[in-house]
Amino acid sequence: MMTTAAALHPAQRRILTILVTAQILSGAGLAAGITVGALLAEDMLNTTGLSGLPSALFTAGSAAAAAVIGRTSQRLGRRIGLAAGYAAGALGACGVVVAATIDNVTLLFTALVVYGAGTATNLQARYSGADLATPGHRARALSTVLVATTLGAVVGPNLVTPLGTLARAWNIPALAGPFLLAAVAYAAAGIVLWSLLRPDPLITARILADPDTSRPDESTSVSITSADNRRRVLLGATVMVVAQLVMVAIMTMTPIHMQHHGHSVGAAGAVIAVHIASMYLPSPLSGFLVDRYGRMPIAAASGLTLLAAGLVAAVAPPQSVALLAVALGLLGLGWSFGLVSGTAIITDNTSLATRAKTQGLVDVTIAIAGAGGGLASGMIVATGSYPLLALTGGIIAVALLPVLVLTTRTNSTPPSDTHQSTAPSTSK
């Protein structure tokens, strides 16, 4: 019996090491748009109603990028797909800096869309960690990649003030400072993957499954094939879509909510740092729980945790940074449960012939949900209030539970029983 995902294939430990290195770097780039994107838009547009637009734009950009990265990875391997995604993210971050410097809103919006490719790539990387893992260890393998994002993503928001000072020294608006870091971070992550992600995990998994082919036949359908469990793929996508929608909506408006009640950008950055740490740091726990207790129970835990986050955010006094940090911490933890369990469901129930394409298409829906959440969040707060937004998010999250119960009752086959052979099995 194997005790770790790395026991499956000699290259798995190296692959995870390279992915972890790239994720540490890219985490800093991921944090820039989350922390100051809404504030930068509010400053340039002089309105709160559209402050959720940056989140919507770079999330929409991540949707388009997710599809391209998925298709590229299916044809050419994870290495090329992920490296190209990070390169695009770096280019977009540079564009945001230029747009803020010359005060060009059109360029800002365009650059934010391109910048979203970095977010898509950061999430797509988790699938690479599971390509060579056994079904019983997939969640832990992908969570190893996710947790690596923590260091850069937590450090990034806490550098808002010094990066702003550096930006002003270069005659760049202070709020564009974090995007300077994002450009460097995404570029570095792309270089690491392009140079070192060998052998390619997806191509290796296909070779092990069928030594006669290293990539799918050109006639392979882009859609989910009959070999895939469509109902469970849809369920896994739904779990991640709900988690992303609720998380992005509440997270996007928290810095605005705090600023409107007298808190500094640094304080907002600290709360976002707690949030991002809670998204990625518990990933090993999420992976262990998913592998140990099953995909469905942890997906349900995601809905309940997101509900708790919404309730705490709604009742927290605006002056209480501590309670807002608790709420955003719960929000991140609920997202982690949803992402890990949903990803495991998707990977369990897709064949190697279409896996990367299907994963890319699923991430498109996740990104679209995030874009919708980011755009709607500003409108809800502008016409209603931040507590209303938080309560709405909690209600949407808990609505996931009946779907899970219904699916579990109508399909009792454990997801790990599907497509268990991604590589020759190993035994003691």
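The values are calculated or read from the model by the stated rules, or taken from the named source; none is laboratory data. Not measured: the values here are computed from a predicted model. Cβ sites come from the backbone with ideal geometry, for glycine too, and all protein chains shown count toward neighbours.
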Checklist entry - over 24 Å from ARG138 (Cβ atoms), modelled with pLDDT of 90 or more and either touching a Phe, Trp or Tyr at 6+ places or on another chain (Cβ under 7 Å) or not small (Gly, Ala, Ser) (or both), is that true of LEU401? => result no
Checklist entry - From the list ALA125, ALA32, which residue is at pLDDT below 85, within 21 Å of GLN244 (Cα to Cα) and among the aliphatic types (A, V, I, L, M)? => result ALA32
Checklist entry - Mind checking whether some residue in region 44-62 is crowded, with 23+ Cβ neighbours inside 10 Å, at pLDDT 90 or above, β-branched (Val, Ile, Thr) and not in a loop (DSSP other than H, G, I, E, B)? => result no
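Taking region 114-125 as the search range and keeping residues that are over 9 Å from the mean Cα position of the chain (by Cα) and surrounded by 24 or more Cβ atoms within 10 Å (Cβ to Cβ), which one is nearest to SER143 (Cα to Cα)?
Residue satisfying both the conditions and the ranking: ALA125.
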Checklist entry - Does at least one position in region 168-176 carry a residue that is farther than 22 Å from GLN12 by Cβ, crowded, with 22+ Cβ neighbours inside 10 Å and touching an Asp or Glu at 6+ places or on another chain (Cβ under 9 Å)? => result yes
Item to check | Selection count where residues are modelled with pLDDT of 95 or more and β-branched (Val, Ile, Thr), scope region 274-307 | outcome: 3
Item to check | helices (runs of 4 or more DSSP H) completely within region 131-178 that count 2 or more residues being more than 21 Å from the chain's Cα centre (by Cα) and modelled with pLDDT under 85 | outcome: 160-169
Item to check | Residue selected from region 177-213 under the condition of a type in the set (S, T, N, Q) and free of Cβ contacts under 8 Å to residues at least 60 places away in the same chain, by the criterion surrounded by the fewest Cβ atoms within 10 Å (Cβ to Cβ) | outcome: SER195
Checklist entry - Would it be correct to say that ALA325 is crowded, with 19+ Cβ neighbours inside 10 Å, without any contact (Cβ under 8 Å) to a residue 12 or more places away in the chain and more than 22 Å from ALA66 (Cα to Cα)? => result no
Checklist outcome for this item: Checked region 297-329 for anything within 17 Å of VAL271 (Cα to Cα) and of a type outside the set (A, V, I, L, M); matches are GLY310, PRO317, PRO318, GLN319, SER320, GLY329
Checklist entry - Quick check: anything in region 350-364 on the phi > 0 side of the Ramachandran plot, surrounded by fewer than 24 Cβ atoms within 10 Å (Cβ to Cβ) and at pLDDT below 95? => result no
Checklist entry - For region 308-321, does any single residue satisfy the condition of being at pLDDT 95 or above, within 20 Å of the chain's Cα centre (by Cα) and assigned to a helix (DSSP H, G or I)? => result yes
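Each row is one residue, and each column tells you yes or no for (1) in contact (Cβ under 8 Å) with a residue 12 or more places away in the chain; (2) more than 23 Å from THR144 (Cβ to Cβ); (3) surrounded by 19 or more Cβ atoms within 10 Å (Cβ to Cβ).
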site: PHE288; (1), (2), (3): yes, no, no
site: ASP291; (1), (2), (3): yes, no, yes
site: ILE298; (1), (2), (3): yes, no, yes
site: ALA301; (1), (2), (3): yes, no, yes
site: LEU304; (1), (2), (3): yes, yes, no
site: VAL312; (1), (2), (3): yes, yes, yes
site: VAL315; (1), (2), (3): yes, yes, no
site: GLN319; (1), (2), (3): yes, yes, no
site: LEU331; (1), (2), (3): yes, no, yes
Item to check | Subset of region 404-428 that is buried (at least 17 other Cβ atoms within 10 Å of the Cβ) and aliphatic (A, V, I, L, M) - its residue that is modelled with the highest pLDDT | outcome: LEU404
Next on the checklist: Kindly evaluate LEU82 against the criterion of being crowded, with 24+ Cβ neighbours inside 10 Å, at pLDDT 90 or above and not basic (Lys, Arg).
Outcome noted: yes
Item to check | In region 232-255, residue surrounded by the fewest Cβ atoms within 10 Å (Cβ to Cβ) [restricted to those that are out of contact with any Leu (no Cβ under 9 Å at 6 or more places or on another chain), farther than 18 Å from VAL36 by Cβ and not basic (Lys, Arg)] | outcome: LEU234
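Would you check if THR350 is of a type in the set (Ser, Thr, Tyr) and over 14 Å from the mean Cα position of the chain (by Cα)?
Working: of a type in the set (Ser, Thr, Tyr): yes; over 14 Å from the mean Cα position of the chain (by Cα): yes.
Here the answer is yes, as THR350 does meet what is asked.
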